[in-house]
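Read-outs: derived from the displayed coordinates by stated rules, not from any lab. Bear in mind that the values here come from a model prediction, so they are computed numbers and not experimental data. Here the Cβ positions follow ideal geometry from the backbone for every residue, glycine too, while neighbour counts run over all protein chains shown.
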Amino acid sequence: MLRLEKRPQPSRTLSYVTPVLAVLITMVAGGLLFALLGKDPVAAIRTIFWDPLFGEFSFYYRPQLLVKGGPLILIALGLSLGFRAGIWNIGAEGQYIMGAITGAGVALALYPLEAWWIFPAMIIAGALGGWAWAMIPALLKVRFGTNEILVSLMLVYVAEQFLASMALGLMKNPEGFGFPGSRNLQQYASAHNAEIIADTGMHWGVAAAFIAAIMAYVMMNRHILGYQIRLTGEAPRAARFSGVKPARLVLFCMGTAGALAGLAGVFEVSGPSGQISTGFNVGYGFTAIIVAFLGRLHPFGIVLAGLLMALTYIGGEAAQSTMQLPGAAIQVFQGMLLFFLLAVDMLTNYRVRFVAREAV
Amino acid sequence: MTGPLLSIRGLTKAYPGVVANDDVSFDIQPGEVHALLGENGAGKSTLVKMIYGLVKPDQGEMVLGGSAYAPGQPQEARARGVAMVFQHFSLFDALNVAENVALGMAEPPKTNELAERIRTVSEQYGLPLDPWKLVGDLSAGERQRVEIVRCLLQDPKLLIMDEPTSVLTPQEVEILFATLRKLKDEGTSILYISHKLEEIRSLCDEATILRLGRKVGTCTPREVTAAQMAEMMVGSELHRPERTPAAPGAVRLALNDLSVASPGQFGTSLKNITLEVRAGEVLGLAGVAGNGQDELLAALSGELTCKAGMVVLDGREIGTAGPGQRRSLGLLTAPEERLGHAAAPDMSLTENALLTGAEREGLMANGFLKWSKARDFAARIIERFDVRTPGTETAARALSGGNLQKFVIGREVMQRPEVLVVNQPTWGVDAAAAATIRQALLDLAAGGTAVVVISQDLDELMEVSDNFGALNEGRLSEILPATGLTMEQIGLMMGGAHGMEVAHV
């Protein structure tokens, strides 16, 4: 008989091993899934995990790693603060959209003015846009005790409708021959989030993600705020006894997550994507939840997990085009990763024992 | 039937790192009240859990009523006529008495029938109970009655009671003892677990004394003195805390007509509490569990806030201040619940030292934490209060309850409070450590701190208090000097028998 036994202390080693274990199990289960779809599982896994990095076309795929990883890392870092404290912001996708709209809005309003301060102003506007969108569930929770999971999630769909209305209405390119979508900011020098080093994928958003990771690390480990976040997550009653004000913590965590998601949005719209369009958002806000947990809610873990998730995006697209795998199969694959991670996670707190069934 | 009802032979149970019971043997005769006596951690609980089928012994055997007895589960124990009343009740607040009793039965009868039986049995044994009342509305004493009646409905041959009087007022204890004597006269054996010696002397026929998992002696409680039993229990003479009474100084803490609603549905709201504590004074507050102790502590720690003038510290109105602000002004508190309230279970002792010490001990600067200073502070608590732990980086949940309690109290004492409020400071702590904690509280008072000790242990309160009061349903009794109080007076202050009566049949 198998029995689970609580460990006196959570195992440190296993907390590093379980993410790797989860990735391996996902590869096996994903391979099975691909085999059931009639594809060669080994080739599929290789197309997703190996070819983008070391294959024939890696010169094209490698920069994409940073382009896709940047926003994932930025959003996941923000989410991880709240998740540590038991505050569940599921609506980063909406905050990401709103950041892109407010940031792009500044640029589109100023077009065709050229000035050095336009790009910084967009960044600030983007962060504020995401922050404000996150404040809605935060204030409702603090004031009326609503559930932040539901409110933040529903606001994603509101943001998507708002995005569509912007792309088709107010922000539509007047010189776009009636096509939906805004002007392309890549062609507006003062607003363009260009690559810092050409052909590496390294743009300002990626730099911001790395800086945010370092700042998050310092805050979580060296600052009283980080301590209070961890304390609230582990023992809410002890946190109140210690003097943590739960409402302030909700506002801080939700606000920071929203601002970082907004930043990711503005860097994306002014860089890789270039324009506000109906299909602007591709689910970074949701994938970032997986990234946050895969990275153990630890800033540096999140950087690694973000790059890994970016790889599944890129590899997934490659597998779609070269092996005709359905796009949904890739999403299932990413979902499995979170599923298995949460499952094997139990091993850090419990150990499995084999017990001989006792004679009655 | 001749011979013992239950015979225990060489029971041994080891857990990783400790031997909870080592070769324990004794007999319980039919109709005998047998005391199991020992300090916290002596192995009493493990032993009765083996008898009740909750824990399987590693070695040894039991004989019940002449045939072998090795219960694998509590159901088997109950089927053989063994029933147990636990120290912590397993009752659902939102269900009524009859529903709670039905939950523990394999095949409960119809509710009306069961209610009738509950009424009959409870009155027959002098423990009247209304089967339709919500458990959430009952006092601790009444809840215990529910547990006892639940056992009596099974017609037990052996009734095990684990520290039953810790939640009762002296008057309620008398009612309970009358019931137990009646059961004994009817031939039921009772295994009575306690560390309160006077109770054992007045109730029990035989006593088995455990120390560190071993049986260290037996006695007939009526024929020995309490001091002799204490010596057998502890193995040496107990160090009694010393007090050097100082002339009371200025008023440090004053509560003026403090009224706060309890945040919990079945909590107790505080009603019009007025008191003063002076520098150098120890104020003891007694009361049966659930009479507003937790709420009073929360109202003092700042977890519950009230009108500014209701709490006054050194002349400053601080009723609206939160925990952090009160702490920086010198009002420190230690709640009863160690894991999850006074300490974060999964965090290290260093991190737990930060929990209340960050500001007063200068463990941070501009919001940035000084880990080496925090570690040093944790290490000093561990050393001064003899906390048994591998080191400062051990998680709080890995410590035994008593050791964590020493850490939690030590953390506050070491911060040189102006006013210290503790709730159940020595709950679950062995006698030597309890003496250390009490001595530390008295030393603080001698240094000019005003100390409030909330406790359910009357002996403890009598030992440390200068003045004495009691909480009853959220109200505070008159406060009287502790010396010269009789048990009778104390009982009345605690609310007598909580309006509970003995049924006169």
Next item on the list: Report relative contact order for chain B in percent, whole number only (criteria: Cα-Cα under 8 Å, sequence separation at least 6).
Entry: 16 percent
Notebook entry, point to check: Shape of segment B:377-426 from its Cα gyration tensor (a ≥ b ≥ c, root eigenvalues): rounded if a/c is under 1.5, otherwise prolate when a/b > b/c, or oblate?
Noted result: oblate
Notebook entry, point to check: Order of A:His203, B:His88, A:His223 from fewest to most other C-beta atoms within 10 Å?
Noted result: B:His88, A:His223, A:His203
Check: In the protein assembly as shown, what percentage of the DSSP-assigned beta bridges are antiparallel, given to the nearest 5?
Finding: 55 percent
Checklist line | Stokes-Einstein D in µm²/s, Kirkwood radius over Cα pairs - segment B:352-505 at 20 °C with 1.002 mPa s viscosity | finding: 122 µm²/s
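Using the number of other C-beta atoms within 10 angstrom as an exposure proxy, rank B:Glu460, B:Glu359, B:Glu383 with the fewest first.
Working: B:Glu460 21, B:Glu359 16, B:Glu383 10.
Listed from fewest to most nearby Cβ atoms, that is B:Glu383, B:Glu359, B:Glu460.
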Checklist line | Calculated log₁₀ intensity ratio I(q)/I(0) where the Debye formula runs over C-alpha points of segment B:6-234, q = 0.08, 0.09, 0.10, 0.12 Å⁻¹ | finding: -0.29, -0.36, -0.45, -0.65
Check: Which percent of Cα-Cα pairs in chain A sits in each 10 Å bin, short to long?
Finding: 6, 22, 30, 25, 12, 3, 1, 0, 0
Check: If you place +1 on the Cβ of every Lys and Arg and -1 on the Cβ of every Asp and Glu, how big does the dipole about the Cα centre of chain B come out, in debye to the nearest 20?
Finding: 940 debye
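Inside 10 Å of the C-beta atoms of A:228-239, what's the mean count of C-beta atoms belonging to other chains?
Details: counts 3, 0, 4, 6, 1, 2, 6, 12, 3, 8, 15, 3.
Whole-number average of other-chain Cβ neighbours for A:228-239 is 5.
Taking Rh as the Kirkwood radius, which is the inverse of the mean 1/r over Cα pairs, what is the Rg/Rh value for segment B:251-493?
On the way: Rg = 17.2 Å, Rh = 18.0 Å.
That ratio equals 0.95.
On average, how many beta carbons from a partner chain sit within 10 Å of the beta carbon of a residue in A:161-169?
On the way: counts 0, 0, 0, 0, 0, 0, 0, 0, 0.
Mean inter-chain Cβ contacts per residue within 10 Å come to 0.
Relative contact order of segment B:6-234: what whole-number percent is it, with Cα pairs under 8 angstrom and at least 6 residues apart?
Numbers: 432 pairs, mean separation 66.5, N = 229.
Relative CO of segment B:6-234 lands at 29 percent.
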Notebook entry, point to check: Using a simple charge model, +1 on the beta-carbon of Lys and Arg, -1 on the beta-carbon of Asp and Glu, nothing else, what dipole does segment B:251-493 show about its Cα centre, in debye to the nearest 20?
Noted result: 740 debye
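Starting from the alpha-carbon convex hull of segment A:56-148, give the projected area averaged over all orientations, in nm².
Working: hull surface 34.6 nm².
Average projection, Cα convex hull of segment A:56-148: 8.7 nm².
Rg/Rh for chain B to two decimals, with Rh computed the Kirkwood way over all alpha-carbon pairs. All intermediate terms of the calculation are to be shown ahead of the outcome.
Numbers: Rg = 23.8 Å, Rh = 24.3 Å.
Rg/Rh for chain B comes to 0.98.
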Notebook entry, point to check: Relative to the compact globular guide of 2.2 N^0.38 Å, what is the alpha carbon radius of gyration of segment A:268-346, as a ratio?
Noted result: 1.20
Next item on the list: On a 0 to 90° scale, report how tilted helix A:284-294 is relative to the longest principal axis of chain A, with both axes built from alpha carbons and the result rounded to the nearest 10.
Entry: 30 degrees
Item checked: For the protein assembly as shown, the spread of Cα positions along each principal axis, largest first, Å -> 104, 69, 53
Check: Restricting attention to segment B:183-232, which GluC sites (Glu not before Pro) occupy a DSSP loop and are surrounded by at most 11 other Cβ atoms within 10 Å?
Finding: B:Glu186
Next item on the list: Stick to Cα atoms and the Kirkwood definition of Rh, then tell me Rg/Rh for segment B:1-139.
Entry: 1.03
Checklist line | Ascending count of other beta-carbon atoms within 10 Å, so fewest first, for B:Arg181, B:Arg438 | finding: B:Arg181, B:Arg438
Next item on the list: Obtain the nm distance between the two label points defined at B:Thr120 and A:Ile124 by a simple spin-label model: each point lies 7 Å from its Cα along the Cα-to-C-beta direction.
Entry: 8.4 nm
Notebook entry, point to check: What list of ³J(HN,Hα) values in whole Hz, one per residue of segment A:10-24 in order, does the Karplus curve 6.51 cos²θ - 1.76 cosθ + 1.60 (θ = phi - 60°) give from phi, with Gly and Pro shown as x?
Noted result: x, 6, 6, 4, 5, 5, 8, 6, 4, x, 5, 4, 4, 4, 5
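Using the eigenvalues of the Cα gyration tensor, what equivalent ellipsoid semi-axes result for segment B:86-189 when each is taken as the square root of five times the eigenvalue, whole Å, largest first? Please list the in-between numbers first.
Values: eigenvalues 81, 55, 30 Å².
Ellipsoid half-lengths, sorted descending, are 20, 17, 12 Å.
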Check: Cα axis of helix B:371-384 to longest principal axis of chain B: angle in degrees, 0 to 90, nearest 10?
Finding: 50 degrees
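I'd like the mean, over residues of B:333-344, of how many other protein chain beta carbons sit within 10 Å of each residue's own Cβ. Don't skip to the answer; put the middle values down first.
On the way: counts 1, 1, 3, 0, 3, 1, 3, 6, 6, 5, 3, 12.
Rounded to a whole number, the mean comes out at 4.
At 222 nm, what value in deg cm²/dmol follows for the protein assembly as shown if DSSP H runs of at least 4 each add -39500 (n - 2.57) and the sum is divided by all its residues, to the nearest 500?
On the way: 30 runs with 414 residues, N = 865.
One gets -15500 deg cm²/dmol as the mean residue ellipticity at 222 nm.
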Next item on the list: Measure nothing fancy, just the Cα-based angle from helix B:401-413's long axis to the longest principal axis of chain B, in degrees from 0 to 90, nearest 10.
Entry: 20 degrees
Check: Along segment A:124-136, what does the Karplus equation 6.51 cos²θ - 1.76 cosθ + 1.60 (θ = phi - 60°) give for ³J(HN,Hα), rounded to whole Hz, x for Gly and Pro?
Finding: 5, 4, x, 4, 5, x, x, 4, 5, 5, 6, 5, 4
